[in-house]
Ligand code: FES
């Protein structure tokens, strides 16, 4: 796939024994995509080909065995010289997987719970076969190296997520002198401000002066303790427990898959993944990209693809069927009132992000279905106060919104926190 800069691929990684050029430090999934490798593994049950979808560690479509360790999200794993990558759940290989026959043999679905149930011996054999096939990857080659001892942090306020809303919240907290810690799972602050489709008047992704931030730190979950809740987070090397008095949750949303036939073919990817590849990794996901789904985002992504030298097609069409054998080669959409088929080598799906509501729910906040946006959203008042005391939510956790709106919502949540803190 076309690289958008002239920097050389400076290292090689090994994919199922074959050398593939890569760039040191970029996500190895990006290096593989650039080398036109889109099939990363096979699904467990039907052995359909799998390839990256979100490029943010949210979908599990890019898992591979890396250096002998199974189920590693290659979209979040930097390429290293000599890295060993193996495709999982396939025999003899993910490109030609004999178990892929399952998908042809059972076109109406396979219920292994009932297959041969009640038939002596065959029932036990079937249960054993199902157990063997249903495991995700094989155990690691060796024990992992020991991690650093866990670090425990006491802080007034933790802000989870340094995208548009988290940066807005941090700015207000900083100005008011509220001691806080900003967490970001990526290696850079900014979220969609730096990788999403460009938006008009979007705020700066720069950190407030002197801001304390932990980059490369993933929030794992919120757990209860006698006096409230604490946050478990992790870097590559270490577990952290963060014990705040207050939470500002700005951890956004993840790309959604639109339902249509063959939507799981490798090459069908989130529009934000296409945009991320262009803006952060200087890689065009395909020469001809169908940009389908929600029309406003589709127009923005199509413009980005065009500027990068690609050809966007089917812009804003409603996807009906994707076609292809091992990866996508064309798509049928409903566009201008009629079915049309477009050849393409990638499909960018535009849909509102699904709020990553789990942390808020674990804190005790309410989460409800939003029928208009068709996603579950965290419930909060106009200033981001959730039902849980001391827990504020902002940005795309509350539902689809622009980065400008998200930034403002982060500021409002921080102001509400400061007001409540004064009265507590
Ligand atoms: S988790 Fe890697 S592409 Fe989604």
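What are the pairs, 6+ residues apart or on separate chains, where a residue within region 65-82 that is at positive phi has its Cβ under 6 Å from a residue that is away from the ligand (no atom under 15 Å from the Cβ) and at pLDDT 95 or above? Qualifying pairs under 6 Å: 67/84. Flag set for residue 182, criterion: part of a strand (DSSP E or B) and surrounded by 15 or more Cβ atoms within 10 Å (Cβ to Cβ). Scanning region 122-134 for residues that are surrounded by 12 or more Cβ atoms within 10 Å (Cβ to Cβ) and free of Cβ contacts under 8 Å to residues at least 24 places away in the same chain returns 122, 123, 126, 127, 129, 130. Filtering region 354-363 to residues that are within 21 Å of the chain's Cα centre (by Cα) and closer than 25 Å to residue 155 by Cα leaves 356, 357, 358, 359, 360, 361, 362.
Filtered by the rule that a residue be part of a loop (DSSP other than H, G, I, E, B) and either in the same structural domain as residue 399 (by TED's automatic domain parsing) or under 30 Å from residue 95 (Cβ atoms) (or both), region 334-351 gives 344, 345, 351. Residues in region 69-91 that are near the ligand (Cβ under 7 Å from one of its atoms) and in a strand (DSSP E or B): 73 alone. In this structure, residue 138 does not satisfy being exposed (fewer than 14 other Cβ atoms within 10 Å of the Cβ), at negative phi, free of Cβ contacts under 8 Å to residues at least 40 places away in the same chain and not assigned by TED's automatic domain parsing to the domain that holds residue 409.
Specify which of the listed residues (269, 278, 331) is part of a strand (DSSP E or B) and under 16 Å from residue 1 (Cα atoms).
Details: 278 fails: part of a strand (DSSP E or B); 331 fails: under 16 Å from residue 1 (Cα atoms).
On inspection, the qualifying residue turns out to be 269.
Look at region 178-191: where a residue is at positive phi and a partner is outside any loop (DSSP other than H, G, I, E, B), sitting 6+ places away or on another chain with Cβ atoms under 7 Å, you get 191/164.
Can you name the residue in region 92-115 that is part of a loop (DSSP other than H, G, I, E, B) and either in contact with a helix residue (DSSP H, G or I) (Cβ under 8 Å, 6 or more places away or on another chain) or at pLDDT 90 or above (or both) and is also farthest from the ligand (Cβ to nearest atom) among such residues? Walk me through it before giving the result.
Just the residues of region 92-115 that are part of a loop (DSSP other than H, G, I, E, B), to begin with: 93-96, 106-115.
Now drop any that are not either in contact with a helix residue (DSSP H, G or I) (Cβ under 8 Å, 6 or more places away or on another chain) or at pLDDT 90 or above (or both), which leaves 110, 112, 115.
On the way: 110: 25, 112: 26, 115: 31 Å.
Per the stated criteria, the residue is 115.
One line per residue, one yes/no per condition, for (1) touching a residue at least 24 places away in the same chain (Cβ under 8 Å); (2) part of a strand (DSSP E or B); (3) buried (at least 21 other Cβ atoms within 10 Å of the Cβ); (4) outside the structural domain of residue 280 (by TED's automatic domain parsing):
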{"position": "156", "(1), (2), (3), (4)": "yes, yes, no, yes"}
{"position": "162", "(1), (2), (3), (4)": "yes, no, yes, yes"}
{"position": "167", "(1), (2), (3), (4)": "yes, no, yes, yes"}
{"position": "174", "(1), (2), (3), (4)": "yes, no, no, yes"}
{"position": "216", "(1), (2), (3), (4)": "yes, no, no, yes"}
{"position": "231", "(1), (2), (3), (4)": "yes, yes, yes, yes"}
{"position": "236", "(1), (2), (3), (4)": "no, no, no, yes"}
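Screening 106, 99 for residues that are over 23 Å from the mean Cα position of the chain (by Cα), farther than 17 Å from residue 283 by Cα and in contact (Cβ under 8 Å) with a residue 60 or more places away in the chain leaves exactly one candidate, 106. As an exercise: evaluate residue 56 against (1) in contact (Cβ under 8 Å) with a residue 40 or more places away in the chain; (2) away from the ligand (no atom under 15 Å from the Cβ); (3) touching a helix residue (DSSP H, G or I) at 6+ places or on another chain (Cβ under 8 Å) and give the number of the one condition it does not meet. The failed condition is (2).
When residue 29 is tested against the conditions (1) within 26 Å of residue 145 (Cα to Cα); (2) surrounded by fewer than 20 Cβ atoms within 10 Å (Cβ to Cβ), the lone failure is (2).
Test residue 66 against the stated conditions and say whether it is assigned by TED's automatic domain parsing to the domain that holds residue 82, within 14 Å of the ligand (Cβ to nearest atom) and under 14 Å from residue 3 (Cα atoms).
No.
Taking the conditions (1) at pLDDT 95 or above; (2) over 20 Å from residue 249 (Cα atoms) in turn, residue 172 satisfies each one other than (2).
The values are calculated or read from the model by the stated rules, or taken from the named source; none is laboratory data. Every value quoted in this text rests on a predicted model; they were computed, and no experiment measured them. Every residue, glycine as well, gets a Cβ built from its backbone with ideal geometry; the counts of neighbours run over all protein chains shown.
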